[in-house]
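Have a look at this one.
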Amino acid sequence: MSETPATAPPAKRDRTHYLYVFVIVAVVLGIAVGFAVPDFAKELKPLGTGFVALIKMMISPIIFCTIVLGVGSVRKAAKIGKVGGLALAYFMVMSVAALAIGLLVGNMLDPGTGMDLTDSAKEVGHTAAKGASEGPVDFLLGIIPATLVSAFTEGQVLQTLLVALLVGFALQAMGRTGEPVLRGIEHIQRLVFRVLAMIMWAAPVGAFGAIAAVIGETGVDALKALATIMLGFYVTCALFVVIVLGLLTRMVAGVNIFQLFRYLGREFLLILSTSSSESALPRLIAKMEHLGVSRPVVGITVPTGYSFNLDGTMIYLTMASLFIADAMGEPMGIGQQIGLLLFMMIASKGAAGVSGSGIAVLASGLQSHKPALVDGVGLIIGIDRFMSEARALTNFAGNAVATLLIGVWTKEVDRERVTKVLAGELPFDERTLLDEGDGGPSGEGAVPVPRDAKVSA
C-alpha cells in the first residue's frame, strides 16, 4: 500500500506546459510571416479557421453533458430557475454598464474626425447588414431546433442549451430510473473532454495561421490610420474589466480578479491567438467546475453568457457607432446614441464570440436607425479583426466573472476550494479536463463526482 503514491507519474500533465509555449512561439512567428510575406500569410487563414472549427465541433456535446448532469442531479427544479433568472438579470445590468462606459469614452475621444470614405468601402456595410439576424422574434424562434438532435449538428449554443435543459428536467423527474442514463452521460462527458484535450495539441498550428492571416490582410498602414479608435477601444475594455469586473469580484466573491485571470491564462492565450472566445468555451466550463462552482451554475451561466453577456461587444458597438458618425460628418445627439445602442443591445444577443458577428450587428443596427451611416462601416472593417481580439477577451472575462458571482449569490460555490485552486494547491488536470475523484487525478476507472451537492457560502 505504501508504494501506491509512487506509481502516479506527473509527466503527462507537465507536457501541456510545452503546448502553450508552442502557441506563444507560433503567434510570434505568425506576426513575423504576416509582415514579411503578406500575400503568403493570407493563404494561411484556413489553418486558424480549421482549428476553431474543431473546437466548435466539441461545444455542443460538452454543453449537453454538463447541463444534463447538473440539472439531472439537482433535487429541486426551482434551483435551476433561480440560477437562470439571476444570470439573465445580471447580464442585462452589465450590458447597460458596458454601453455607458463605451458612450463616455467614445464621446471623449471623438475618434472619427478626418477619416476619408472610398467608394469600395461603402459596399462593405450593406453586405454586412444582410448577414445579421432579422429581429428578436426570429432570434427567439431560432432557439428551437428542427429536431431533438439537430442542435448538435447545427452547432447552435442556445438550441443545445434548450435540449439539454429539457433532457435534464426529464431525468430529474424520472428519479432512480434515470440514474443509469446519467451514469452513461458521465462516461460520454469523459470521452468528449479527452477528445478536446487531443484537439488542443493543434492550437499552435491554428494560432500561427490565424495571426499570420490577420497581419497579412491588415498591414501596417491600416493600423496607423485607425490607431485612435483601436487603442481607445482596448483601453476602454481594460478599464471595464479591471475596474467594474474587478470591483465586483472583490466585493462579492472576495477574489482578486488577477488571480482568477492567472488561473485562466491559457484560455486567454488561446482566445488571443484565434480571435474567438468560443475556442475557450469548453475549457471555461471545465475550469469553473474545477474552481469550485457547482455544475448546475456552470452549465447554465456559461453557455447562456456566451449569447447574452457580451460586454466587449457592447463596448465595441458603442465606440464603433460614434466613430462612424463622426467620420461621416453626422454626429449623433445623446438621445440618438442611447436609442441606437439599446436596439443594438437587443440585436447582439445571440451573437456569439466568433470574429465577424460584431460587424454584422453594427451594420444592421445602423441600417435600422440611421441608414446614412451604413456606408461608414467600411471605415472600420480593416481593423475589425484586431478589435475582435479585445471583444473576445472581454466577453470571456465577463463570463468567467459572472459564473463565479452567480455561484456566490446562489450559495453554489465552495469558497475554500476557490482559495486553494487560485493558490495553486489544486492544479487543473490538463490530461482529462475533468475532476475525477476529489479534485485531482485518480485512476482511469474513476467516475466524475457531481459538484452540485457539497457547496458552501
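Let me see the pair-distance distribution of region 192-283: every alpha carbon pair, 10 Å bin width, integer percents in order.
13, 32, 33, 19, 2
For Ser150 and Asp39 in one chain, what is 0.36 nm times their gap in residues minus the Cα-Cα distance, to one decimal in nm? Don't jump to the answer; show the numbers that get you there.
Details: separation 111, 0.36 × 111 = 39.96 nm, distance 3.88 nm.
Fully extending the segment from Ser150 to Asp39 adds 36.1 nm.
I need the calculated FRET efficiency for the pair Leu29 and Leu231, taking r as the beta carbon distance and R₀ as 25 Å, to the nearest 0.05. Can you show the working numbers first?
On the way: r = 25 Å, r/R0 = 0.99.
Working from the Cβ atoms, E equals 0.50.
Okay, next question. Regarding region 237-336, what is the average projected area of its C-alpha convex hull, in nm²? If you can, show how the numbers build up before the last one.
On the way: hull surface 33.0 nm².
Across all orientations, region 237-336 yields a mean hull projection of 8.3 nm².
Taking the mean number of other Cβ atoms within 10 Å as a proxy for protection, how do you rank 208-217, 238-247 from highest to lowest?
On the way: 208-217: 24.8, 238-247: 17.3.
So the order, starting with the most tightly packed, is 208-217, 238-247.
Please give the peptides 280-291, 171-182, 307-318 ranked by average Cβ packing (other Cβ atoms within 10 Å per residue), highest first, as a rough proxy for protection.
Numbers: 280-291: 24.4, 171-182: 13.3, 307-318: 27.8.
Descending mean neighbour count gives 307-318, 280-291, 171-182.
Readers should treat all values here as calculations from the given coordinates under stated rules, not as data from a laboratory. This one's a predicted model, so the numbers in the text were calculated from it and none came from an experiment. All Cβ positions, even for glycine, are placed from backbone atoms using ideal geometry, and neighbour counts span all protein chains on display.
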